[in-house]
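Undergrad: Pasting a structure below so you can have a look.
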Amino acid sequence: MKRQFFRYVFQNVAGMIGVSVYILADTYFISVCAGADGITVLNLVLPIFGVIFAIGAMLGVGAATRYSIGKAQGQKEVDFYFTQTIMWDIIFSIPFVLLGVFVPEYVLKFMGADANIMALGREYVRIVMIAAPLFMINHVFTDFTRNDHAPGIAMIGSIAGSLFNIIFDYLLMFPAGLGLKGAALATIFSPVVTSLICCIHLFGKKNQVGFRWMLPSVHQFTAYCGTGISAFVGEMSAAVTTTIFNMLILDIAGNVGVAAYGVVANLSLVAMAIFNGISQGAQPLLSQSFGYGRQKEVSLLLRLGLLVSFIVEIVIIGVIWKYTDGLVAIFNSEGNEALLYYAHDGLRLYFLGYLFAGINIFLVGYYAATARVKQAFLASILRGALAIAVCAIVMAKLWGMQGVWLSFLGAEIITVVSIVFMNN
């Protein structure tokens, strides 16, 4: 079981890092192409990505978790889960597509953009929002592939999609001269590549996932939401945090402050991807052991997950503190002194939150994987929305930018204390 745990976690973390690396590549190429304003556009768009990914993750992870538990318990209705999830993804993507087609500039305005930023980012937002179904459905392919005992294929798919994005980011932005529009086009084809590679398993001889069709079921939808809530809030927390931080920072430090937060947020996505990878990598094994009633295996997986999360937390914080200015310089092609000033403190203070964030993410995933929906929901909504919102607003009032950066740490401390009380 230990060997299987480390194999699943490694393959899933590798895949998740692959996804986050292409976001970093986006940030780098956009910083070269459009400077601090380009990073500001990207950071204002990150919450939109967050909402799209959150819905896709909730449905994909939720349905795939139910699939694993149901398969272990011999349930027949699991053959409907894959196609049901795709249909719900399409339904939920419609509002994003309509906003992208008709009013992309108002989406940016709502996120706090001024006229300059709206003009620069309009086409980027339009393309990304029209492609919402691709991002959401990608979760179905990767999550079901992973839960059908093929995490290696899911990992290869994620990495291949990221490499495609990075290569075409460069080709479309610079040789083709499309700028931010080119970055958006490269980004939307990345999930297509990943999904196609997952089809190697899903349409292969070892596949056990059923493809039976039925009309969308509200009962199935609510079941997916229950088990997928931790994945939803895990993704949604980034969107909520980014939106609140953008609004607060715009008021304190303007567009340069938001650009600095863009550097912090994008590097944070890599750390978050690693911890989500650990949690989601352990999920199929936890759900399967729980479904078979093997409590000793569940306890072993819980201990391993917490230990690995803690070790990774320490390593990540050490790297950030040692290489702070070098990491900022990668995304500061203009040598903007104000951006460096804000981002230096931001990286060091914000990443202190990862002393607790990795453990919190794993515990929330553990609750969801073992069908403890109430605990998963309460812990998820606390760390992903309530605690971070309260901490950011209050601490920004008290200590300005330093309060904003430290609010992530405050929220994660509140969450871990609350989880301890929930289990007593």
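The values are calculated or read from the model by the stated rules, or taken from the named source; none is laboratory data. In this text the structure is predicted, and so the values were computed from the model without any measurement. For neighbour counting, all protein chains shown are included, and Cβ atoms are generated from backbone atoms with ideal geometry for every residue, glycine included. Note: accessible area is taken over every heavy atom of the protein model, side chains too, but ligands, DNA and RNA are not part of it. Shrake-Rupley method; radii C 1.70, N 1.55, O 1.52, S 1.80 Å.
Undergrad: Taking a label point 7 Å from the Cα of I91 along the Cα→Cβ vector, which residues of the stretch 42-76 have an amide N closer than 17 Å to it?
TA: 55-64
Undergrad: Report the chymotrypsin sites (Phe, Trp or Tyr not before Pro) located in the stretch 317-424 that are in a DSSP loop and have at most 15 other Cβ atoms inside 10 Å of their Cβ, or state none.
TA: In loop regions of the stretch 317-424 (DSSP not H, G, I, E or B), the sparsely surrounded chymotrypsin sites (Phe, Trp or Tyr not before Pro) are Y323.
Undergrad: When the chain is modelled as a GNM with alpha-carbon springs shorter than 10 Å, which of G335, G62, G353 fluctuates the most?
TA: Checking each option, the largest mean-square fluctuation is seen for G335.
Undergrad: Here's something else I'd like to know. Given the -39500 (n - 2.57) contribution per DSSP H run of 4+ residues, what per-residue ellipticity at 222 nm results for the chain, rounded to the nearest 500 deg cm²/dmol?
TA: About -30500 deg cm²/dmol.
Undergrad: Which residues in the stretch 389-424 place their backbone N less than 15 Å from a point set 7 Å from the Cα of R348 along the Cα-to-Cβ direction?
TA: Only 402-403, 405-406 fall inside the zone, counting backbone N under 15 Å.
Undergrad: How many nm separate the modelled label positions at A338 and K206, each set 7 Å beyond the Cα in the direction of the Cβ?
TA: 5.4 nm
Undergrad: Check the straight Cα-Cα distances from K322 and name the lysines below 25 Å, setting aside those fewer than 8 residues away within the same chain.
TA: By straight Cα distance, K322 reaches no lysines at all.
Undergrad: Same structure, new question: Which aspartates and glutamates, on any chain, are close to K2 with Cα under 20 Å apart, when same-chain ones fewer than 8 places away are left out?
TA: D148, E297
Undergrad: If I model a spin label at V32 and L171 as a point 7 Å from the Cα along the Cα→Cβ vector, what separation in nanometres do I get?
TA: Taking the simple label geometry, V32 and L171 are separated by 1.6 nm.
Undergrad: Now for a different question. From largest accessible area down, sort H344, H149, H201; use a 1.4 Å probe on the protein chains.
TA: Putting H344, H149, H201 in descending order of accessible area: H149, H344, H201.
Undergrad: Quick check: pseudo-label points 7 Å beyond the Cα along Cα→Cβ at R294 and F110, how many nm apart are they?
TA: Taking the simple label geometry, R294 and F110 are separated by 4.6 nm.
Undergrad: Can you send over the carbon and sulfur percentage of the accessible area for the chain, probe radius 1.4 Å, protein chains only?
TA: 70 percent
Undergrad: About its Cα centre, what dipole magnitude does the stretch 138-220 give when the only charges are +1 on Lys and Arg Cβ and -1 on Asp and Glu Cβ, stated in debye to the nearest 20?
TA: 200 debye
Undergrad: Only Cα pairs under 8 Å and at least 6 apart count here; give the relative contact order of the stretch 62-204 as a rounded whole percent.
TA: Rounded, it is 24 percent for the stretch 62-204.
Undergrad: Expressed as a rounded percentage, what relative contact order does the chain have, with Cα pairs under 8 Å and six or more residues apart?
TA: 24 percent
Undergrad: Normalised by the number of residues in the stretch 229-344, what is the relative contact order in percent for Cα pairs under 8 Å and 6+ residues apart?
TA: Relative contact order, the stretch 229-344: 32 percent.
Undergrad: Assuming R0 = 35 Å, can you tell me the calculated FRET efficiency for the pair V390 and L307, based on Cβ-Cβ distance, to the nearest 0.05?
TA: It comes out at approximately 0.70.
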